[in-house]
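Take a look at the structure set out below.
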Amino acid sequence: MDRAIGLAALTVLELSHEEQIRVAAQAGYTHVGLRLVPVAGQPYQHRFESRSVERALLDSGTRVLDVEVFRLTPETKVAEFEPILDASARLKATQLLVHGADPDEARLAETFGTLCDLAARYGLAANLEPMPWVDVSNVAKAMRILDLAARPNGGLLADAIHLFRAGDTPQALSGVPPRLLRYAQLCDARPQKPAQMEEIIRQARSERLFPGEGGLDLRGLLRALPADIPLSLEVPVSQKLPPLERARRALNATKAILGLAEGT
């Protein structure tokens, strides 16, 4: 399979960056997604040592697809992200994962544009990921920010669980220019959308399902995305499985879904 597939940090969040890279290589991934900027309340905090991570990448032959999480709030000072952008470039990442958490669209677009400009200096693209519990909660809102910012290295990141939980469908991506869709995140989930936002968040963070085990229209989503778009497998599951088994099951399940979506 020629498609680039990365192991997202959330799938094996208990692992250090170096351990994540080694597990990804053992499981057969081409890439990893590194969480170098932890989110609030994250249960695991891993020290980042650039040389050690570079060595793990070199030894394993694995590459970095994206770096996360760049959360843009009313208080965000984009310049403070520069050390991480510099490190991301040295690790040869190509994508940044961005959350829009500011209710003022004009201000958020300005902040996002500033991040895009800084990222461009390091050869990186910035991708807005809609999530139901932040201000940029769906595809339409993300597109408004992208249109307002109007930066060539801005993009939209579709995450399967967030897309469907927000009430979007694969058709929501039909109006998105393919150049804005640089990679996507894949997982599955229970078909029923929880009534409470707290449960939506809980499932997204710790109880997703391997592709094909839930009720999301993953085949439709894959067909709506550009052909051979890189995929990041973000599948935190509630099952008590060793990290390597988790990674392997996610990859094998994804390959099966890809075969169905491509009609093979």
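The values are calculated or read from the model by the stated rules, or taken from the named source; none is laboratory data. What you see is a predicted model; the values in this text were computed from it and never measured. Cβ sites come from the backbone with ideal geometry, for glycine too, and all protein chains shown count toward neighbours.
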Exercise. Pairs only if they're at least six apart or on different chains, beta carbon under 8 angstrom, first in the range 180-204 and at negative phi, second of a type in the set (Asp, Glu) and surrounded by fewer than 19 Cβ atoms within 10 Å (Cβ to Cβ); list them, first residue then second.
Key: Asp188/Glu213
Quiz item: Can you tell me which of Thr94, Thr73, Thr111 is under 22 Å from Gln185 (Cα atoms) and hydroxyl-bearing (Ser, Thr, Tyr)?
Solution: Thr94
Practice problem: Could you tell me whether Glu19 is surrounded by fewer than 23 Cβ atoms within 10 Å (Cβ to Cβ), modelled with pLDDT of 95 or more and assigned to a loop (DSSP other than H, G, I, E, B)? | Solution: no
Practice problem: Answer with yes or no whether Ser60 is within 17 Å of Gly6 (Cβ to Cβ) and polar (S, T, N, Q). | Solution: yes
Quiz item: Is it fair to say Gly155 is within 30 Å of Ser52 (Cβ to Cβ) and without any contact (Cβ under 8 Å) to a residue 40 or more places away in the chain?
Solution: no
Quiz item: Yes or no: Leu244 crowded, with 20+ Cβ neighbours inside 10 Å and not acidic (Asp, Glu)?
Solution: no
